[in-house]
Amino acid sequence: MEMGALPKAMFLIFLLGFFMPCFQATDSSEGSFSFSDNFDIMWAEDHFKTSEDGQVWYLSLDKNTGCGFQTKQRYRFGWFSMKLKLVGGDSAGVVTAYYMCSDTGPERDEVDFEFLGNRTGQPYTIQTNVYKSGVGGREMRHILWFDPTEDFHTFSILWNNHQLVFFVDKVPIRVYKNTENPNDFFPNEKPMYMYSSIWNADDWATRGGLEKTDWKNAPFVSSYKDFKVDACQWEDPYPPCVSTTTQNWWDQYDAWVLSDSQKEDLGWVGRNLVIYDYCKDTERYPKLPEECSISPWE
């Protein structure tokens, strides 16, 4: 369903870009990998291609099928980063996803970036969502301060037992906090794979399904490179790194809360780019979910 009206004044987005506050964050020291080092194709291998050197990966969607890939390994807590360039032109109805998920069952945990295509000249929408034990409905939607179809941009997830932070080019756009007590909203028990995929979702993705995919523009192609991970890699039944995560930068105090500059950036994003927040949707949730009372600033 459509949960926020997209601004039609495109110049505002580019104007905001000039006033984007400076931001610096710690990045992973881990290197990039070729596709075969770290991923498997989930379906439609003929819709997957790589550059000659294997460092850029392409997923395509046509009227028959989309395509997707997933990491060979599962992880519990860490830093996950990928550069994406989204489908250009008229991409209404097309969804490109970059997400973490424990499995495909009804009790899955999941952390989503979803990029919702639009008609030519209109901005992309980023939808983020969090699932715990199969329950989602925690969407936020943002517009961007740049055109994500013109060049690669970095999308990252910081995950520890204190918070989930969604980053765009190192700018935190969403903070999702945990509490000290057991709860039903923060995914912190199940290891997750990292996925990406492209598919047709014109029944809901653009203006609530009013804008349909124009297959004359197919194939629709999304591009990826520079996957980086610095995380606790899962090993059954229980990896040693789970008990020593605080030896890593992504599970130390500075990664449990936002820095002052990160708070400044998050505030700027909230004032200028958020177009839907489930925690403010009292029509949908007359009684707001428990996690909506937790401050992202603390």
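The values are calculated or read from the model by the stated rules, or taken from the named source; none is laboratory data. Every value quoted in this text rests on a predicted model; they were computed, and no experiment measured them. Cβ: placed from backbone, ideal geometry, glycine included. Neighbour counts: every protein chain shown. For the accessible areas, the whole protein counts, side chains as well, though only heavy atoms, and no ligand, DNA or RNA atoms are used. Shrake-Rupley method; radii C 1.70, N 1.55, O 1.52, S 1.80 Å.
Residues of region 72-103 being closer than 18 Å to Met42 by Cα and among the acidic types (Asp, Glu), which ones?
Selection gives Asp103 alone.
Based on what the data block shows, is Phe69 open to solvent by 30 Å² or more (accessible area, probe 1.4 Å), at negative phi and aromatic (Phe, Trp, Tyr)? Give the derivation first.
Values: open to solvent by 30 Å² or more (accessible area, probe 1.4 Å): no; at negative phi: yes; aromatic (Phe, Trp, Tyr): yes.
In short, no.
Pairs needed: first member in region 27-49, within 23 Å of Pro219 (Cβ to Cβ) and at pLDDT below 85; second member anywhere, among the aromatic types (Phe, Trp, Tyr) and open to solvent by less than 50 Å² (accessible area, probe 1.4 Å); C-beta distance under 9 Å; at least 6 residues apart or different chains.
The qualifying pairs are Phe35/Phe48; Phe35/Trp57; Phe35/Phe69; Phe35/Tyr224; Phe35/Phe227.
With respect to the numbered conditions (1) touching a Pro at 6+ places or on another chain (Cβ under 8 Å); (2) hydrophobic (A, V, I, L, M, F, W, C); (3) open to solvent by less than 10 Å² (accessible area, probe 1.4 Å); (4) not in a loop (DSSP other than H, G, I, E, B), which one is the sole condition not fulfilled by Phe113?
Of the numbered conditions (1) touching a Pro at 6+ places or on another chain (Cβ under 8 Å); (2) hydrophobic (A, V, I, L, M, F, W, C); (3) open to solvent by less than 10 Å² (accessible area, probe 1.4 Å); (4) not in a loop (DSSP other than H, G, I, E, B), the odd one out for Phe113 is (1).
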